[in-house]
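For reference, the structure is listed below as structure tokens.
The values are calculated or read from the model by the stated rules, or taken from the named source; none is laboratory data. Because the structure is a prediction, the values reported are computed rather than measured. When we count neighbours, we look across all protein chains shown, and the Cβ atoms used for this are built from the backbone with ideal geometry, even at glycine. Areas reflect the complete protein model, heavy atoms only, side chains present, ligands, DNA and RNA absent. Shrake-Rupley method; radii C 1.70, N 1.55, O 1.52, S 1.80 Å.
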Amino acid sequence: MKYISTRGDQIERGFSDILLEGLAPDGGLYLPKTYPKVEAATLTRWRGLAYADLAFEILSLYIDDIPADDLRAITRRVYTAEVFGTEQITPLTWLGEGIALEGLSNGPTLAFKDMAMQLLGALFEYELGRRGETLNILGATSGDTGSAAEYAMRGKKGVRVFMLSPEGRMSPFQQAQMFSLQDANIHNIAVKGVFDDAQDIVKAVSNDLAFKREHRIGTVNSINWARLLAQVVYYFAGYFQATKSNDQKVSFTVPSGNFGNVCAGHVARQMGLPIARLVVATNENDVLDEFFRTGNYRPRGTADTHETSSPSMDISKASNFERFVFDLLGRDGARVKQLFTAPNFELSAGEHADIAGFGFSSGRSTHADRVATIRRCHAEHGIVIDPHTADGLKVALEKHEPGTTMLVLETALPAKFAATIHEALGIEPPRPAGLEGIENLPKRVKVMPADVEQVKAYIHAHVGHAA
Ligand SMILES: *Cc1c(COP(=O)(O)O)cnc(C)c1O
């Protein structure tokens, strides 16, 4: 399988190359040249597979530059009950007739990003080892991404992580998760500032091409195709658990921010998985809901991006969204380039009408909705859900069609967001075994002013000199 850019440059790259790259050289995102189609007989064969072997089957349709035996060994090492808590890896919890949560948050950091990041860690170690190279991952996080990256890369050969976070702004649990890691290849840097300050430093370092090359700086951000591909697997796994045969259709509601999670659902649907609807659920930061309703894409500025109680969905522009628009516009790279180099855009009426054919719809949820939904789910089913999943469930209940099973992707466990659970239910959220008291563990974090040169000096001191 070769990969092309959404902005139309005539480049074709292999999987292993784009694995370690960010954007395509023309500023676009990588996508496979075609989506492999999965026939009914293949779906039937896959139905009985363990998650790791299902992952292997799907990945091998997109990866032809890693030997099959190696790839299978990687998926079997990553997707284990030991790491993800159950044999199903992404188990369903039914909330009455025709609606269920698909649990994606039972990995080490209690959020769905582990599903992809754990695979990415194994693929990075494999590919860097094969090339005899090393990589220094630099990122900024407000919570879930940074911890997922650190838990995926800890102890991996050839990889170091430098993760910037805004000092004192993550939840106490999130800080404890990241800062308690004692692995030598993990570096936590808390900058005195807000998330955007941390993000600006990462951008400034990445724009210094000489520094970037000399220090072999890479990223693990959500535009990485391998992350998206890993997420395709749980749409199949959820479908197989929810149905008895392939003539049934299932819908998914996806709490969304950067459009990575639901874009994986789009890929699964393009491959032929019988998905009726893909429902995009946003919080008050509703740039995606607005787009699906109106065809207007209006990324917000920082000042117009609200801080909400589902913080992992507080985005101003959805970095994976360009992938879907590329498919929507018949893969017209020139048109995509025109749209995404403008500050905002409006689809033509005809283009907007085409969205229906891709199964998408959308809805929006507010703080009051989250609190009410957490209460309702607890009262009716005795289950505590996290605020992001509550955004999803709120919208799913509005969009649920009788006769079509709706799966709501559970994107985090409530233990990560105790304050909102306390507000809704007056209780402390349950915490998975082994995580009691992590706030009291010794912390390993370097506090620094929000200053690019000091961050560069720190990186330089810890990676040594150019190879
Ligand atoms: C990252 C995240 C999301 C948003 O996912 P996208 O792929 O960015 O759309 C939703 N919920 C939680 C808990 C997350 O960590």
(request) Could you identify the single residue in Glu453, Glu410, Glu436 that is of a type outside the set (A, V, I, L, M, F, W, C) and touching a Ser or Thr at 6+ places or on another chain (Cβ under 6 Å)? (result) Glu410
(message) Give me the strands (runs of 3 or more DSSP E) completely within the stretch 358-467, filtered to those with at least 1 residues that are open to solvent by 10 Å² or more (accessible area, probe 1.4 Å), among the small types (Gly, Ala, Ser) and touching a residue at least 60 places away in the same chain (Cβ under 8 Å), ordered by residue number.
(response) 360-364
(message) If a residue must be away from the ligand (no atom under 14 Å from the Cβ) and out of contact with any Leu (no Cβ under 9 Å at 6 or more places or on another chain), how many such residues does the stretch 377-406 contain?
(response) 11
(message) List pairs: first residue in the stretch 78-91 and over 17 Å from Leu413 (Cβ atoms), second residue polar (S, T, N, Q) anywhere in the structure, Cβ distance under 7 angstrom, at least six positions apart or on different chains.
(response) Val78/Gln118
(message) Please determine whether any residue of the stretch 147-166 is within 14 Å of the ligand (Cβ to nearest atom), assigned to a loop (DSSP other than H, G, I, E, B) and either within 18 Å of the chain's Cα centre (by Cα) or hydrophobic (A, V, I, L, M, F, W, C) (or both).
(response) no
(request) Would you check if there is a residue in the stretch 89-98 being closer than 26 Å to Thr134 by Cα and surrounded by 14 or more Cβ atoms within 10 Å (Cβ to Cβ)? (result) no
(request) Kindly indicate whether any position in the stretch 199-208 is more than 16 Å from the ligand (Cβ to nearest atom), surrounded by 24 or more Cβ atoms within 10 Å (Cβ to Cβ) and farther than 19 Å from Ser105 by Cβ. (result) yes
(request) Report the residue count in the stretch 317-333 for those that are open to solvent by 60 Å² or more (accessible area, probe 1.4 Å) and either at pLDDT below 95 or within 16 Å of the ligand (Cβ to nearest atom) (or both). (result) 1
(request) Examine the stretch 164-177 for a residue that is touching a Phe, Trp or Tyr at 6+ places or on another chain (Cβ under 6 Å) and either more than 29 Å from Ile66 (Cβ to Cβ) or surrounded by fewer than 24 Cβ atoms within 10 Å (Cβ to Cβ) (or both), and state whether such a residue exists. (result) yes
(message) Take the conditions away from the ligand (no atom under 16 Å from the Cβ) and either surrounded by 23 or more Cβ atoms within 10 Å (Cβ to Cβ) or in a strand (DSSP E or B) (or both) and apply them to Val336. Does it pass?
(response) yes
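Every residue, every condition in (1) within 18 Å of His388 (Cβ to Cβ); (2) of a type outside the set (Phe, Trp, Tyr); (3) in contact with a strand residue (DSSP E or B) (Cβ under 9 Å, 6 or more places away or on another chain), yes or no:
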position: Arg77; (1), (2), (3): no, yes, no
position: Leu119; (1), (2), (3): no, yes, no
position: Leu138; (1), (2), (3): no, yes, yes
position: Ser142; (1), (2), (3): yes, yes, yes
position: Phe162; (1), (2), (3): no, no, yes
position: Phe173; (1), (2), (3): yes, no, no
(request) Working carefully through the options Phe236, Phe240, find the one that is away from the ligand (no atom under 16 Å from the Cβ), assigned to a helix (DSSP H, G or I) and open to solvent by less than 10 Å² (accessible area, probe 1.4 Å). (result) Phe236
(message) Suppose we keep only residues that are of a type in the set (Ser, Thr, Tyr) and under 26 Å from Asn207 (Cβ atoms) within the stretch 108-146. Which one would you say is surrounded by the most Cβ atoms within 10 Å (Cβ to Cβ)?
(response) Thr141
(message) Against the conditions (1) open to solvent by 10 Å² or more (accessible area, probe 1.4 Å); (2) within 16 Å of the ligand (Cβ to nearest atom), where does Phe345 fall short? Just the number, please.
(response) (2)
(request) Kindly list the number of the only condition in (1) under 30 Å from His306 (Cα atoms); (2) away from the ligand (no atom under 16 Å from the Cβ) that fails for Phe259. (result) (2)
(request) Report yes if Arg293 is in a helix (DSSP H, G or I), away from the ligand (no atom under 16 Å from the Cβ), touching a residue at least 60 places away in the same chain (Cβ under 8 Å) and more than 30 Å from Leu49 (Cα to Cα), otherwise no. (result) yes
(request) Collect the residues in the stretch 82-124 that are within 16 Å of the ligand (Cβ to nearest atom) and either over 18 Å from the mean Cα position of the chain (by Cα) or of a type in the set (S, T, N, Q) (or both), keeping them in residue-number order. (result) Thr90, Ser105, Asn106, Thr109, Gln118
(message) For the condition closer than 24 Å to Phe324 by Cβ and outside any helix (DSSP H, G or I), what is the one hit in Ile63, Ile58?
(response) Ile63
